[in-house]
Amino acid sequence: MKRTLWISTIVLLLGLVMGAPLAAQNYGYTSDMTMEEYNAELEKWQGREEAANAKIQQLKQDIADLKDQIASTEQQIAKVRQETMDLLSQSTGAEEGSVEEAAQKYQNQLEGLIDQLEGLLALSPEELYQSQDEVAAAKKKLKELKKNSFASLDESKEKIKGIENLLERVKAKVPEPVNDVYTVLRSDYLWKISGKDDIYDDPYQWVKIWSANRNQINNPDLIYPEQKFDIPRQLANNEHLVMRGENLSKIASYEEIYGNPFDWQKLYNANQKIISDPNVIYPHQIITVPKN
């Protein structure tokens, strides 16, 4: 046994001295390799290891720098928030503790509105259509909350933005109202159509048919056989049905419209095809309400 070991050792030494190929399988390689090739390969992998270690150190330094930046940013945010709270305290004359309580109450209101809208978003389109009053109330509530002094806080701005996104998603999910379709017969006129039992059973509502089909009725006294008119059953989100005693200023003043009577011009500009005089509108007219 010892003799065999010595012979193997001598053969190996001779191979090293003479630069002969080594038996690679004795060292776990799949092919023969000279010592020079082995050293070159070793040097290559050592270089890669050094480069990797250097990269690791650089990444560690980058992480440490980012942590410092985050800490600095958090300190600045905390400072700005405290300055804001101090200003609110001075403007309201309240003590710091009560201002903090009021700020928390405001945050709770925002979170409550978020929960409400997420609940609405979980409804089916049909259920959501029946809940449009709740959607309008949520929109009104947000408008009020945005006027609050605490809306200037960074955490408030983020939540308000989220609420606005939720409102848009809810409104997009509400299905458009389905209108009936009526085909005009010979000798029909709008007053007659509106008075039919299966339409409105009220001839005075002919204005509703006219305003809903403004794209194909240029003159309400002139309609033609085979024309197909939409018969409105429910209003779309951007429509308003004129009631007796209303005018454009009054409609514009409604909170769910613009909340400002001086915005009547927006309504007039969007409905000039059916409103020739902004001082004269009629019950049952359906007017378009452009978005702000």
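Values in this text are rule-based calculations from the coordinates and carry no lab data. No experiment lies behind these values; they were computed from the predicted model shown. Here the Cβ is made from the backbone with ideal geometry for all residues, glycine too, and neighbour counts use every protein chain on show.
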### Query
Cα-Cα over 22 Å: which of 140/161; 173/273; 143/266; 228/273?
173/273
### Message
What distance in nm lies between label points placed 7 Å from Cα along the C-beta direction at residue 67 and residue 282?
### Response
7.6
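How big is Rg to Rh over region 180-288, alpha-carbon atoms, Rh as the Kirkwood inverse-mean-distance radius?
On the way: Rg = 14.4 Å, Rh = 14.5 Å.
Ratio value, two decimals: 0.99.
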#### Entry: At q = 0.14, 0.21, 0.23 Å⁻¹, base-10 log of I(q)/I(0) for region 94-173 (Debye sum, equal scatterers on each alpha carbon)
-0.48, -0.90, -1.02
### Task
Please turn the phi angles of region 124-140 into ³J(HN,Hα) values with the Karplus equation 6.51 cos²θ - 1.76 cosθ + 1.60 (θ = phi - 60°), one per residue in order, whole Hz, x for glycine and proline.
6, x, 5, 5, 5, 4, 7, 10, 5, 5, 5, 5, 4, 5, 5, 5, 5
### Task
Pop a pseudo-label 7 angstrom from the Cα along the beta-carbon direction at both residue 168 and residue 180 and give the gap in nm to one decimal.
3.8
### Summary
So, with points 7 Å from each Cα along the Cβ direction, the residue 243-residue 118 label distance in nm works out to 3.6
